[in-house]
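The values are calculated or read from the model by the stated rules, or taken from the named source; none is laboratory data. Treat the numbers as computed from the prediction; the structure is a model and nothing was measured. With ideal geometry, Cβ positions are generated from the backbone for all residues, glycine too; neighbour counts draw on all protein chains shown.
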Amino acid sequence: MGKTISEKIIGKHAGKEVKAGDIVVVDVDVVMAQDGTGPLAVDQIKNMGFKKVKNPDKSIFFIDHAAPSPRKELSNSHMVLRNFANKSGAKISDVGEGVCHQRLIEDYSCPGDIVIGADSHTCTSGALGAFATGMGSTDIAVGFAMAKTWLMVPETIKINLGGKLPKVVFAKDIIISLIGKITSDGATYKALEFGGPLLANLTMDDRFTISNMAVEAGAKTGIFPTDNITKDYLASQNRSDCFKEISTEEDADYKDIINMDCGKLEPMISAPHTVDNTIKISELEKVELNQVFIGTCTNGRLSDLKIAAEILKGKKVAKGVRLIVVPASKKIYTEAIKEGIITDLVESGAAVMAPGCGPCVGVHEGALGDGEVCLSTQNRNFKGRMGNPDSFIYLASPATAAWSAIKGYISDPREVL
Amino acid sequence: MEMSKKLAGKSFKFGDDISTDLIAPGRYFHLRSNLPELAKHVLEDADPEFAKKVKPGDFVVGGRNFGLGSSREHAPTIIKLAGVGAVLAKSFARIFYRNCINVGLPALKCDTDKIDEGDILEIDLKGGEIFNKDKNIKIKFNPLPEVMIKILSDGGLTGHIKKNEGFNL
Ligand code: SF4
């Protein structure tokens, strides 16, 4: 029997052969926390009596969830992180630099790595062929202090992506559709491993979107093999040296294999208040919108802003709708400025904010009013997520979001593209 | 945590898919550095009155996939700070479950259809059994995995690391 990608990576880091179900202590390559989970991790590092982090170059605190800070309590938390980073040698990614998961794939995560982060969407780095998973602050504190963690080797569900993707169907539609199928806990404790002929046509941006949302099915990670597309991406980030071949083995011991014909997909929506409450856009009744948000670690990348600008250029956001756009990182923001994307967006009526999480987690920059409805490109739509339990969040791709912003209600991007 | 301790209290029943956004809402992000204050809002978006009603020793009883969503350890921490003795659910989301052990909050997988709002429960952690006094029935729960018992009995993960000067699982 062959090994799953997760078994191979975990085995390497445990220094022995492992199989699903084994519990092992492993070395970790990258450890991170953000401004919501970092301060508690710092407390726990100190509680254990540590002053330094084990591997400073790959220990990072990201100030992204409440950046720039909207109030003094959060400013103080940010100070805790900056001070600790200063003293311990850990890195800090400060206001304006971007969302943690985007920053990790740009500068830190490598194929074959184990990446742990105090944020559930740490699985995003799985698209680079890393075993990447989210944990709580205490686990991450141990990771910072010792560059180790304990793991149960997960069983793997193989997702074979096949078919020819229709022109106006995107990675976001693939992953929303998959989560609808396997439900919000269909992959709990398990790894999702992506493969199949469609991979050759999926850009890194597509793969990041898919890996990012693996946790919405409960998965521990969402991992891709590496190929020339991975190689080119790393080269574009000046990190060619960290490329490694990570391959699937056909005879690996998968818990389950799901074959998905993506040729049959259409634009998808997750309706309130769970991600697995999915519906094809053609079957959705008219949903009027108050706010549209394009951004986040799921869909705030250059290709996302580009498609939004393509749709919005020369048009205006509907009266009564607010369009908020947040590039996922400074790199993306800079590039989008150079390419004229930001001008197109702003001229159409978008409010463009500093790179970071933006309104995704209900802290600032676009909290919803009572009864309001938002269409967002983020990854979750739980009740209260955007700051108000009496509001409604729908999820979709950037193309759907942009076209809907113009129309004023959730609309099918196939009408325009 | 003492595994031999017997827990007793009243049940507060919640549904499926209780997310960490419902337990520790993002709009209170600024209170994460003030956990006793944050605990006053525990589970607020699932039951706005919960924090006022809950008494030390009571139980939170959920359905499927309890604790899904974010990695915020603040979620189980404030459930514990509110005085809750244990969380019972048909299943737990992975990160939440792991966080419960790290903060010393028992998370027990069992058939919660046999428990209604307000039922008085007695729980024998070591024996793996819940006694529903109101219904006069016993409900079994899956014993915790061995590694988690080890971490719990060392007083959570930081206790385990301090005691063993590293991992000893
Ligand atoms: S963008 Fe949203 S989902 Fe992503 S890390 Fe930030 S708050 Fe979390």
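Here is how the numbers come out for the structure above:
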| item | result |
| --- | --- |
| All positions within region A:404-417 that are of a type outside the set (A, V, I, L, M) and not in a helix (DSSP H, G or I) | A:Gly408, A:Tyr409, A:Ser411, A:Asp412 |
| Selection from region A:145-192 of residues that are within 30 Å of A:Val42 (Cα to Cα) and either in contact (Cβ under 8 Å) with a residue 60 or more places away in the chain or assigned to a helix (DSSP H, G or I) (or both) | A:Ala145, A:Met146, A:Ala147, A:Lys148, A:Thr149, A:Trp150, A:Leu151, A:Met152, A:Val153, A:Pro154, A:Lys190, A:Ala191 |
| Residue in region A:133-144 that is more than 16 Å from the ligand (Cβ to nearest atom), in contact (Cβ under 8 Å) with a residue 60 or more places away in the chain, in the same structural domain as A:Gly222 (by TED's automatic domain parsing) and not in a helix (DSSP H, G or I) present | no |
| Residue that is closer than 17 Å to A:Ile174 by Cα, of a type in the set (Asp, Glu) and modelled with pLDDT of 95 or more, where the choices are A:Asp241, A:Asp232, A:Asp304 | A:Asp304 |
| A:Gly295 vs. criteria within 16 Å of the ligand (Cβ to nearest atom), touching a strand residue (DSSP E or B) at 6+ places or on another chain (Cβ under 8 Å) and at pLDDT 95 or above | yes |
| Scan of region A:129-142 for residues that are within 15 Å of B:Gly159 (Cα to Cα) and not polar (S, T, N, Q), ordered by number | A:Asp139, A:Ile140, A:Ala141, A:Val142 |
| Candidates B:Ser71, B:Ser19, filtered to the one that is in contact (Cβ under 8 Å) with a residue 12 or more places away in the chain, touching a helix residue (DSSP H, G or I) at 6+ places or on another chain (Cβ under 8 Å) and within 9 Å of chain A (Cβ to nearest Cβ) | B:Ser71 |
| Residue within region A:315-337 that is free of Cβ contacts under 8 Å to residues at least 12 places away in the same chain and among the β-branched types (Val, Ile, Thr) present | yes |
| Selected residue (only one of A:Ala328, A:Ala308 is buried (at least 19 other Cβ atoms within 10 Å of the Cβ), away from chain B (no Cβ under 14 Å) and either more than 16 Å from the ligand (Cβ to nearest atom) or more than 24 Å from A:Leu104 (Cα to Cα) (or both)) | A:Ala308 |
| Filter result for the condition that a residue is over 18 Å from A:Ser120 (Cβ atoms), assigned to a helix (DSSP H, G or I) and within 9 Å of another protein chain (Cβ to nearest Cβ), over B:Arg27, B:Arg32, B:Arg98 | B:Arg27 |
| In region B:45-68, residue surrounded by the fewest Cβ atoms within 10 Å (Cβ to Cβ) [restricted to those that are within 14 Å of chain A (Cβ to nearest Cβ) and touching a residue at least 40 places away in the same chain (Cβ under 8 Å)] | B:Gly63 |
| Any pair with Cβ under 9 angstrom, 6 or more apart, that starts in region A:278-305 at a residue that is more than 15 Å from A:Gly98 (Cα to Cα) and in the same structural domain as A:Glu372 (by TED's automatic domain parsing) and ends at one that is modelled with pLDDT under 95 and within 16 Å of the ligand (Cβ to nearest atom) | none |
| Residue within region A:123-136 that is over 14 Å from the mean Cα position of the chain (by Cα), within 12 Å of another protein chain (Cβ to nearest Cβ) and surrounded by 24 or more Cβ atoms within 10 Å (Cβ to Cβ) present | yes |
| Which listed residue, of B:Val87, B:Val42, is crowded, with 19+ Cβ neighbours inside 10 Å, touching a helix residue (DSSP H, G or I) at 6+ places or on another chain (Cβ under 7 Å) and more than 14 Å from every other protein chain (Cβ to nearest Cβ) | B:Val87 |
| Residue match in region A:396-408 (condition: crowded, with 21+ Cβ neighbours inside 10 Å, in contact with a Leu (Cβ under 8 Å, 6 or more places away or on another chain), within 30 Å of B:Glu44 (Cβ to Cβ) and away from chain B (no Cβ under 14 Å)) | yes |
| So A:Lys244, is it basic (Lys, Arg) and surrounded by fewer than 24 Cβ atoms within 10 Å (Cβ to Cβ) | yes |
| Residues that are within 13 Å of the ligand (Cβ to nearest atom), more than 10 Å from chain B (Cβ to nearest Cβ) and in contact with a Ser or Thr (Cβ under 6 Å, 6 or more places away or on another chain), drawn from region A:343-376 | A:Pro355 |
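To keep it simple, each residue is scored yes or no on (1) within 16 Å of the ligand (Cβ to nearest atom); (2) more than 23 Å from A:Asn379 (Cβ to Cβ); (3) not assigned by TED's automatic domain parsing to the domain that holds A:Phe131.
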| site | (1), (2), (3) |
| --- | --- |
| A:Thr203 | no, no, no |
| A:Phe208 | yes, no, no |
| A:Val215 | yes, no, no |
| A:Lys220 | no, no, no |
| A:Pro225 | no, no, no |
| A:Tyr233 | no, no, no |
| A:Asn238 | no, yes, no |
| A:Ile246 | no, yes, no |
| A:Ala252 | no, yes, no |
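Residues are listed down the side, and each one gets a yes or a no for (1) more than 16 Å from the ligand (Cβ to nearest atom); (2) in contact with a helix residue (DSSP H, G or I) (Cβ under 8 Å, 6 or more places away or on another chain); (3) touching a residue at least 40 places away in the same chain (Cβ under 8 Å):
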| position | (1), (2), (3) |
| --- | --- |
| A:Glu17 | yes, yes, no |
| A:Val24 | yes, yes, yes |
| A:Ala41 | no, yes, yes |
| A:Ile92 | yes, yes, no |
| A:Thr122 | no, yes, yes |
